[in-house]
Amino acid sequence: MREPPIPISEALTGHFRLRELPGPGPSKYYAVEDFTYSAGTGELYDAHGTGSYRQDTKVNFTQDMSLDLQTRYLDMLIRAHFTNTTLYVLDPFSDVQIQLKQIDGFIGSHKLSLDLHATTIKDIPLRIIHAGTTNVVLAWPASYGPGRVLHATRLMPLPDWQEMPTDIKQVGDEFQATLPATEAVGFLWLHTTDN
């Protein structure tokens, strides 16, 4: 008897956009646009493509996703279709949690599956103010609430996000965080209570 293949897990990073579409019933329908991901050390896998997503959080708490991706593994490039293996919504918006499996376009004996956990990110109007030679101040509207500031020195193949200890204060109609500006290159992620 042939042994089943041993699953190999790789951390996945990427993004996509949801554009709402008209549709019947209590469900909401979306076009999945600019779906991009990479996974594995040295970007072992990467893919991009489009698809569709449906979510019902009013009656049945169900969801469906379908993706058509151009997938690269090492030097091989294929077109593959993915569909969901989980039907029920685990956590209504702002998060999307869904498992997807590849149903065609196999890479040799490889069959890919995606365990997708996506958080809605909103564009926050952000001001960056120079505060002397060693600090910067991040300022954003108070309507977004206070939050946390995370810092990374790289974004690929996987970001190394670390929370920065900082004192966030409300000044008038905005929140402000003073941060050290000691690195030539760095990335900041503002995670507020409203995103």
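How do the pairs read when you match residues in segment 124-140 that are closer than 13 Å to residue 182 by Cα with residues anywhere that are of a type in the set (S, T, N, Q) and surrounded by fewer than 12 Cβ atoms within 10 Å (Cβ to Cβ), using Cβ under 7 Å and keeping only pairs 6 or more apart or on different chains?
134/182
Condition check ((1) in the same structural domain as residue 21 (by TED's automatic domain parsing); (2) more than 18 Å from residue 31 (Cα to Cα); (3) modelled with pLDDT under 85) across all residues:
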residue: 49; (1), (2), (3): yes, no, no
residue: 53; (1), (2), (3): yes, no, no
residue: 62; (1), (2), (3): yes, no, no
residue: 70; (1), (2), (3): yes, no, no
residue: 80; (1), (2), (3): yes, no, no
residue: 85; (1), (2), (3): yes, yes, no
residue: 92; (1), (2), (3): yes, no, yes
residue: 96; (1), (2), (3): yes, no, yes
residue: 100; (1), (2), (3): yes, no, no
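Filter segment 30-62 down to residues that are surrounded by 15 or more Cβ atoms within 10 Å (Cβ to Cβ), in contact with a Pro (Cβ under 8 Å, 6 or more places away or on another chain) and among the basic types (Lys, Arg), then give me how many there are.
0
Do we find a residue being in contact with a Ser or Thr (Cβ under 7 Å, 6 or more places away or on another chain) and at pLDDT below 80 anywhere in segment 134-142?
Looking through segment 134-142, none of the residues is in contact with a Ser or Thr (Cβ under 7 Å, 6 or more places away or on another chain) and at pLDDT below 80.
The values are calculated or read from the model by the stated rules, or taken from the named source; none is laboratory data. If you're wondering where the values come from, they're calculated on a predicted model, not measured in any experiment. Reconstructed Cβ throughout: ideal geometry from the backbone, glycine too, with neighbour counts over all protein chains shown.
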